[in-house]
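For reference, the structure is listed below as structure tokens.
Where a number appears in this text, it was derived from the coordinates with a stated rule and is not lab data. Bear in mind that the values here come from a model prediction, so they are computed numbers and not experimental data. FYI the Cβ positions are ideal-geometry reconstructions off the backbone, even for glycines, and counts take in every protein chain you see.
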Amino acid sequence: MREVAIVGTGITKFGELWDKSFRSIGIEAGIKAIEDAGMSGSEVDGIFIGNMSSRFINQQHIDALIADYSGMATRNVPAVRTEAGGASGGVAFRQGVMAIASGMHDVVLVGGAEKMTDLDDAGTALIMDSTADAEWEGSMGLTLTSLYAMIARRMIFEGKVTREEIASIAVNAHVNGARNSNAQFKNVIALETVLRSGPVADPLNVFDCAPYSDGAAAVVLVPLEQAKKMGVEYVKVSAVTQASDTLALFQREDITTFKATTVAAKEAYKIAGIEAKDINVAEVHDDYTVAGLMALQDLGLFKSGEAGKAVLEGQVGIDSKMALNPSGGLKARGYPVGASGVAQIVEITEQLRNKADNRQVANAKYGLAQSVGGTGSAVTISILEAI
Amino acid sequence: MAAVAKEWREIPARYNLEGSECGNCGRKFFPKRNMCPHCRRNGFGKMHPYQVSKKGKIFTFSIIHDAPAINMRLKPYAVVMIRTDDGLLIAGQLVDTDVSKIEIGMRVRSVLRILDEGGTTGVIHYGFKFVPDL
């Protein structure tokens, strides 16, 4: 297999982009990535796009749409859309890496895009709920938020975290989001704000939940040997793994950990030849605050039971040994679902290239991104390395 | 009629908590599976109907305040995961109780209730919910 490098990144603002269409944000991110790679666009020979639901914009065949509006259809470049709930973007990135590594493609554009605010909140929530088991969770009256709330309740009951520790994930996210010009929320919040916000699914409140957003992100991949000759700043893809688990949360032995995360992370560390303690910066899938805490434990970045304390005490800020979600995470940067997994890769790449502006993590060598679908039914782990 | 077919197909599980037991390893599942995820090929064709216990304890729960449109009139309502007396974990709603009094470990039993009144198809959905087992 060939080693793979990221040579360009592009991202749009995340938020309620009412004046922009799905196709316009998708193309904006892609063009920025091509420009950043010093290319014209005609070099691209394959497209992978993470996009969760056609129901948000009532459009199937997203792959063809992107190929067309990105100017790739006139060159007949193949395009593939991937869907894995919240992990759609992470899976697109892995498919792109595999395409380069295998030798099937030489220049791949990986995009992620979602346009969620063309629907009202209730319609969007129903679509998100269907990333859990629609037949045996959704139709019984359970929502995706309530599933994460039940995880939170059980973790608190087992003494693994406290309510305040869970809430502190949102505080860290907003501190970082305030430094990110592309973030949906740029306001610093207090722990009390999270704890006193309106209940969504008790014990989780509004400020425990990532927002519904519009946005897109893209990266350009080439073989590592090619990247060395291009004269652009690039990072190496050291590992990208994926793991599955049951669709329904209630089918698991333990709901306080996502086994797909632990399995994929273990494999990724092995492939990259590093350990969890070598990670300097991580972008994890905090669609709910409790999920962010679970990630810190499941990724081995903190011992079980110690992650919450570390976040609450501010030990994961941008100036920490291991910086958590410097972009603001899903919570503050925004959560256009299919774009998220790719946006994480963009953020880690910027961090490792020292191009993250006023949220730069100092001397970062290894960065990790975790993308999660449903309640941990699909997880991708990517490890990037500074050159 | 397709919308109705989906309803009667699920009646054994939704009305009576019918799951599956693997004739190879003895593991039990709810909802039913056509193949044991542990035995795979060795268990194929050996899955039998299994009556899940209708009693158990609350394993975890949540009170839903931001409800889907179809359940708007129920809110706030409680959803639970139940550890049944025969060891399975199943999910559903907990009704006929004060939502502020729910605790992990509470004994519950399943009952047949209306789940919702139908969305666009007009089909009234029945299924199991849980009530306190006093």
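Nearest 10 degrees is fine. How inclined is helix A:337-352 to the longest principal axis of chain A, computing both from alpha carbons?
Taking the Cα atoms of chain A, the angle to A:337-352 is about 70 degrees.
Work out the length of the dipole vector of the protein assembly as shown about its Cα centre, built from +1 on the beta-carbon of each Lys and Arg and -1 on the beta-carbon of each Asp and Glu, and round it to the nearest 20 debye.
That gives the protein assembly as shown a dipole magnitude of about 1140 debye.
Helix A:88-102 versus the longest principal axis of chain A: what is the Cα-based angle in degrees, 0 to 90, to the nearest 10?
Helix A:88-102 sits roughly 40 degrees off the main axis of chain A.
Counting other Cβ atoms within 10 Å, which GluC sites (Glu not before Pro) in the stretch A:247-347 have at most 11 and lie in a DSSP loop?
In loop regions of the stretch A:247-347 (DSSP not H, G, I, E or B), the sparsely surrounded GluC sites (Glu not before Pro) are A:Glu253, A:Glu275, A:Glu313.
Please list, by residue number, every one of the trypsin sites (Lys or Arg not before Pro) in the stretch A:301-379 that is coil in DSSP and has at most 14 other beta-carbon atoms within 10 Å.
Taking the stretch A:301-379 and a limit of 14 other Cβ atoms within 10 Å, the loop trypsin sites (Lys or Arg not before Pro) found are A:Lys303, A:Lys321, A:Lys355, A:Lys365.
Treat the count of other C-beta atoms within 10 Å as a stand-in for reagent exposure and order A:Arg153, B:Arg73 from fewest to most.
B:Arg73, A:Arg153
Could you check the spin-label model distance between A:Ser40 and A:Lys229? Points 7 Å from the Cα along Cα→Cβ, value in nm.
A separation of 1.8 nm, rounded to one decimal place.
Can you tell which of B:His38, A:Ser146, A:Ala265 lies farthest toward the positive end of the dipole of the protein assembly as shown, using +1 and -1 charges on the Cβ of basic and acidic side chains (Lys, Arg; Asp, Glu)?
Value: B:His38.
At most 14 other C-beta atoms within 10 Å and a DSSP loop state: those are the exposed GluC sites (Glu not before Pro) I care about. Give me the longest piece of chain B that has none.
Formally, the longest exposed-site-free interval is B:1-102.
With +1 on each Lys and Arg Cβ and -1 on each Asp and Glu Cβ, and nothing else charged, work out how big the dipole of chain B is about its Cα centre, in Debye to the nearest 20.
So the dipole magnitude of chain B works out to roughly 520 debye.
By DSSP, what percent of the beta bridges with both residues in the protein assembly as shown are antiparallel, rounded to the nearest 5?
Among the beta bridges of the protein assembly as shown, antiparallel pairing accounts for roughly 80 percent.
Across the residues of A:119-126, average count of Cβ atoms on other protein chains within 10 Å?
Per residue, the number of nearby Cβ atoms from other chains is 2 on average.
Classify chain B as rounded, prolate or oblate, taking a ≥ b ≥ c as the square roots of the eigenvalues of its Cα gyration tensor: rounded when a/c is under 1.5, otherwise prolate if a/b is larger than b/c and oblate if not.
The shape class here is oblate.
Is it possible to state the helix-based mean residue ellipticity at 222 nm for chain B, with each DSSP H run of 4+ residues giving -39500 (n - 2.57), the sum divided by total residues, to the nearest 500 deg cm²/dmol? What is it?
Helix contribution divided over all residues of chain B: -2500 deg cm²/dmol.
How shielded is A:245-252 by partner chains, expressed as the average number of their Cβ atoms within 10 Å of its Cβ atoms?
Across the residues of A:245-252, the mean count of other-chain Cβ atoms within 10 Å is 4.
Restricting to DSSP H runs of at least four residues, report the calculated mean residue ellipticity at 222 nm for chain A, -39500 (n - 2.57) per run over all residues, nearest 500 deg cm²/dmol.
Calculated from helices alone, the mean residue ellipticity at 222 nm is -11000 deg cm²/dmol.
Order of B:Tyr126, A:Tyr366, A:Tyr269 from fewest to most other C-beta atoms within 10 Å?
B:Tyr126, A:Tyr366, A:Tyr269
Relative to the longest principal axis of chain A, what angle (0 to 90°, nearest 10) does the C-alpha long axis of helix A:259-272 take?
The two axes meet at around 40 degrees.
For a quick check: sort B:Ile82, A:Ile387, A:Ile25, B:Ile124 by the number of other beta carbons within 10 angstrom, fewest at the front.
B:Ile124, A:Ile387, A:Ile25, B:Ile82
What's the FRET efficiency of B:Asp86 with A:His61 using the Cβ-Cβ distance as r and R₀ = 51 Å, to the nearest 0.05?
0.65
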